[in-house]
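Student: Below are the structure tokens for one structure; questions will follow.
Throughout, read-outs are computed from the coordinates displayed, never taken from laboratory work. Quantities reported herein were computed from a predicted structural model and do not represent experimental measurements. All Cβ positions, glycine included, derive from the backbone under ideal geometry; neighbour counts span all protein chains shown.
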């Protein structure tokens, strides 16, 4: 176990793909348990059942997925980048939980059944539904922020920087979650620093006094003057 | 009142609200000075309030209300992959969509939250309290995982079309050279296959040895645990809870004929240990070995026994077996004595665990 704790994920998967290597499997379970448990616990909590029994069962089910189809995953995993397997593990664990609860709800409610709706039922409009005052105000705000952003998010990373801003403020992702996304290519510190700079710039622009529109009637050019109007 | 606040000082007032991790160039005293100045300077206060309003507006950019999916929204499962950082040719397209779609933005946020590295203290406690966080659980699962049969690593199969391309390559002038090369290649392939086969066999053999060693270690640990329980001093008061966790059976030697004669052992749910007392063991002495087998002679459990004085006198032996091993089936117990020239079978017992 001493030596196995230091071997690469690639080598560990290779050893686990051969049946009978108990030490490799012990190391596999030990190394990835926390990651799997975390993903399972959080996803299960979102579905409303994070009891110990359920979480333990789903963790076990996740491990057994690696042995399905003759250990296909272990033998053929493509390690494209250092975090590839970790990312895959998270997705696998989350999908095991999702599938479990979808299946459970389907059985509970009856598969392929559609609930009826009373005749004349009119769903009440929500306060924040499309077309509500809040929604319109938010749309205007998004437009205004977008216009400012277009003015100062410039350069070759313009699109990436703008994405980081929206992912932070509109989607609500944390700096670490943004840094983990594909195509961002920044560390968490880098994302934090970028958001800091962009927010400062935006605050200054949005609070700057608007230039006064001081056009006299005489300079307004040809048009219909009030006295000439009907 | 002092001079007006500069940009850096105003910036500092907003830092804790959204980027508390960043290093602050201001100490506590300087921050108190800024707050004191704001109480007396209308101009700076107005400037700070204006920026505060912008920050409040930025907080409104995120939609928290549930939103229905639109026609262009990708399947929900996509967001788990994006949040996990899995490279996908469409990942950037999906991200652009999420930034403009509140439904997908919320799903992405949810998925990112599930994969966030930081654990809350409550989550830490929950994970620590799981059975799957114990070494015993993890070892048990590892044993089961390694036991699931996998195919041996695939050998290098010859690629289709190899012979036809070689034939096309051959011309009379190159025949001698090609024949020599072919001989060398064939020798190389033979050598490679032999090496690969030996390497695979070696890997398999070493894995088998490891597994057997692990089985032995596990058994030893379990025997030690059971023996420790058996040797515990008798408690002064009866302990019904512990006793309820033990299922007991007494057996006489000899194989049973027919289902009616076979002794039955009911293992109640929650039983952790099965205690089996074997009678007619002759003179149990020295090192005895017990093997628990199914009727088709599949070994379930074995252990070495050193009979106590009382057991030697009474001619009976008591075994402790983990209850989880005894699934509904018919079983044999083969008792043998370890002798210098090999084991000598002493007695055989049979029983049934009914459904």
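Student: Inside 10 Å of the C-beta atoms of B:89-96, what's the mean count of C-beta atoms belonging to other chains?
Tutor: Mean partner-chain Cβ count within 10 Å for B:89-96: 3.
Student: Also, quick follow-up: Along its three principal axes, how long is the range B:64-117 when you only count alpha carbons? Whole Å, largest extent first please.
Tutor: Per principal axis, max minus min of the Cα coordinates gives 26, 24, 16 Å.
Student: Starting from the 7 Å offset along Cα-to-Cβ, what nm value, one decimal, do you get for the label separation of residue B:4 and residue B:72?
Tutor: For the pair residue B:4/residue B:72, the computed spacing is 4.4 nm.
Student: How many Cβ atoms of partner chains, on average, are near each residue of A:135-148 if near means within 10 Å of its Cβ?
Tutor: 2
Student: Below 8 Å, C-alpha to C-alpha, sequence gap of six or more: please give me the relative contact order for the range B:64-117 in percent.
Tutor: Here the relative contact order equals 47 percent.
Student: Sticking with this one: With label points built 7 Å along Cα→Cβ from the Cα atoms of residue A:45 and residue A:159, find their separation and express it in nm.
Tutor: Output for this residue pair reads 3.6 nm.
Student: Continuing with the same structure: Taking a quarter of the surface of the convex hull around the Cα atoms of the range A:4-108, what do you get in nm²?
Tutor: Mean projected area of the Cα convex hull: 7.1 nm².
Student: In a solvent-free Debye calculation with one equal scatterer on each Cα, what is log10 I(q)/I(0) for the range B:8-128 at q = 0.10, 0.18, 0.22 Å⁻¹, listed in the order of the q values?
Tutor: -0.55, -0.99, -1.18
Student: To the nearest 0.05, how large is the calculated FRET efficiency for residue B:177 and residue B:309 if R₀ is 60 Å and r is the Cβ-Cβ distance?
Tutor: 0.10
Student: Quick one: if the Förster radius is 45 Å, what FRET efficiency do residue B:330 and residue B:117 give, using the C-beta to C-beta distance and rounding to 0.05? Spell out each step's value before the answer.
Tutor: Working: r = 52 Å, r/R0 = 1.16.
Efficiency for this residue pair is about 0.30.
Student: Same structure again: 7 Å from Cα along Cα→Cβ at both residue A:205 and residue B:187: what's the point-to-point distance in nm?
Tutor: 7.4
Student: Here's something else I'd like to know. Principal axes first, then extents: for the Cα atoms of the range A:133-207, list largest minus smallest coordinate on each axis, whole Å, largest first.
Tutor: 37, 23, 18
Student: Quick check: convex hull of the Cα atoms in the range B:242-353, volume per residue, rounded to a whole Å³?
Tutor: In the range B:242-353, the Cα convex hull volume per residue is 105 Å³.
Student: So what is the relative contact order for the range B:1-145, in percent, with contacts set as C-alpha pairs under 8 Å and at least six apart? Can you show the working numbers first?
Tutor: Details: 57 pairs, mean separation 25.2, N = 145.
After rounding, I find 17 percent.
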